[in-house]
Amino acid sequence: MAKLSIIKAGLENEVNGYVLIAGEEAAVIDPGEPAEKLAGQLGSATLKWILATHGHPGHLAGKDALKDATGAQTGMHVADAKLFLRSADRYLLDGDELELGEMKIRVIHTPGHSPGSLSFLVANHLFTGDTLLAGGIGREMPGSDLRQQMVSIGAKLLRLPLTTAVYPGHGPATSLEAELRTNPYLRRA
């Protein structure tokens, strides 16, 4: 079975950027600044994908610098590209699968925090951006829809195995099981 390395990088605005390495290929999820911090984690791997969970500036401020340095393909949802006047090489849709070494990155559209919020699933590792955080959810911003965000969490994320590890856009990693037990947003009856 293929091995996946996950490196968390603390970026500006307390954003978590992640470098995923599968074999000789890498992906960056949430390319904030400083981009050099993310690039420095690649080692000998070739950066194939630069992926944004959503279009807020802190989560993709380093996108263009990383692309210029590596030539990697950028990806985000078209709704956030339009809302935040951003561009990408590929506009991602729910259910898309991106190859990374011998692994696949599954795209899950989880609107609510922003219209184009995405989560990315690699094996049993879920990268949620600001859709779901340890002990909470991302704060409301212009364009946020809390009701839609809760529907996305319940209808898409909580249907995954509860042992799925969660890597949020801010704060510590967690699991779906832990969030069901402790997250006040998910414990409401």
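Nothing in this text is a laboratory measurement; each read-out follows from the coordinates by a stated rule. Here the structure is a predicted model, which is why all the values come from computation and not from measurement. Cβ: placed from backbone, ideal geometry, glycine included. Neighbour counts: every protein chain shown.
Side notes on the structure shown:
- DSSP-assigned coil residues among chymotrypsin sites (Phe, Trp or Tyr not before Pro) in the range 5-86, each with at most 13 further Cβ atoms within 10 Å: none
- Take every Cα pair under 8 Å whose residues are at least 6 apart in sequence, average their separation, divide by the length of the range 4-182, and the relative contact order is 16 percent.
- Neighbour counts of other Cβ atoms within 10 Å put Val15, Val78, Val28, Val107 in the fewest-to-most order Val78, Val107, Val15, Val28.
- Averaging Cα coordinates gives a centre for the range 1-58 and one for the range 95-154; these two points are 16 Å apart.
- Residue-by-residue Karplus 3J(HN,Hα) for the range 70-86, coefficients 6.51, -1.76, 1.60, Hz, glycine and proline x: 10, x, 5, 7, 9, x, 7, 7, 5, 4, 6, 4, 5, 5, 9, 6, 10
- Calculated from backbone phi, Karplus (6.51, -1.76, 1.60) coupling profile of the range 135-151 in Hz, x at Gly/Pro: x, x, 9, x, 5, 5, 10, x, x, 6, 9, 4, 4, 5, 4, 5, 5
- Exposure proxy ranking, count of Cβ atoms within 10 Å, fewest first, for His170, His77, His56: His170, His56, His77
- Whole-Hz Karplus values for the range 108-120 come out as 10, 6, 10, x, x, 4, 9, x, x, 4, 10, 10, 10 Hz, taken residue by residue from phi with 6.51 cos²θ - 1.76 cosθ + 1.60 and θ = phi - 60°; glycine and proline positions read x.
- Loop-resident sites, the range 1-93, for GluC sites (Glu not before Pro), counting at most 13 other Cβ within 10 Å (DSSP): Glu24
- Inter-site label distance for Asn124 and Arg159 at 7 Å from Cα along Cβ, in nm: 2.0
- Long-range amide H partners of Ile50 with built H, under 5 Å: Val28, Gln73, Thr74, Gly75
- Label sites at Lys3 and Arg139, each approximated as a point 7 angstrom past Cα along Cα to Cβ, lie 4.0 nm apart.
- Spatially close Lys pairs in the range 4-182, defined by Cα atoms under 20 Å apart and a spacing of eight or more places or different chains, total 14.
- Mean projection area, nm², convex hull over Cα of the chain: 9.5
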